[in-house]
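Asks: First, the structure itself, so that you have it in front of you.
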Amino acid sequence: MSPLPSTIPALVRTRVRAAVRRPAWLTPEETAGRALTLRLVSLLLQYPDAELTEARSELITVVGALPATPAAEHLARFTDWFAAQEPEALERHYVEMFDLRRKSSLYLTYYLHGDTRRRGMALLTLNQRYKAAGWDTDGGELPDHLPVVLEFASLVGPGGGEAPLRQHRRGLELIHRSLTDADSPYRHVLAALLTLLPPPTEADRAAVAQLVAEGPPNEEVGLDPYGTYGEGEFAPPGTFVPPAPAPPTCVPPAPTSRTGGPR
């Protein structure tokens, strides 16, 4: 596609580019398949408890029945691995990937707003979006937890339902890169999701590279939340970071009499 003429007003150029990136109109069957894919991604990114691991054969059947798409291919690769693992191994791997690693946390607003006051407002705005659509998360997880965001997208649809995913595209790219660097099969689940979103822009790629190098924004309020982690790393949301040890307290000497040694 040839570049847009520079004489076109910026607003018009932006609208035209947005129209070019907008996905084509979906048939009801395609919409239903997309919703099912999003719900499967949401399910597979949840903690592999006994209920989920017991349903592995059913998950393989459902994934195998999806229309042939890049997303379905990625999910099939993941479920093949998922079905072959011992439950305890799945639990350990999940905790290592999503609870102990700084750059593959599933809480999306952290990548956009980091440890700042803006993150609290973003969580509130996201929760209000859910309520406006008539959806209640039941308070079990923060509204920016990726499985929650995916469930909302699957229920509401490609427009407003998937808007939070598009907004947090850069965080999703960072999670996928981190899982890929760790050679985790969960990279296939993130790859399946990314195939459903518009391709990243050059600005997206630059922002992800900056996140990798510097971590998300940080307000110097109270304790430094990143101080106990290695250089170039940042603490995931919800991580307890102990304060630095206080300096020794200076204890005054014991009182003495004016005429002799200590009493």
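The values are calculated or read from the model by the stated rules, or taken from the named source; none is laboratory data. Treat the numbers as computed from the prediction; the structure is a model and nothing was measured. Keep in mind that these areas ignore ligands, DNA and RNA; they rest on the heavy atoms of the full protein, side chains included. Shrake-Rupley method; radii C 1.70, N 1.55, O 1.52, S 1.80 Å.
Asks: Which shape class, rounded, prolate or oblate, goes with the stretch 61-176 when its Cα gyration tensor gives a ≥ b ≥ c as root eigenvalues, a/c under 1.5 marks rounded, and past that a/b bigger than b/c marks prolate? Could the numbers behind the result be given before it?
Replies: On the way: a/c = 1.95, a/b = 1.34, b/c = 1.45.
Here the stretch 61-176 falls in the oblate category.
Asks: At a 1.4 Å probe radius, which order do TRP25, TRP81 fall into by accessible area, largest first? Can you show the working numbers first?
Replies: Working: TRP25 230, TRP81 55 Å².
Ranked from most to least accessible, the order is TRP25, TRP81.
Asks: Quick one: what Rg and Dmax do you get for the stretch 151-202 from the alpha carbons, in Å?
Replies: Radius of gyration, then largest Cα-Cα span, for the stretch 151-202: 11.6, 33 Å.
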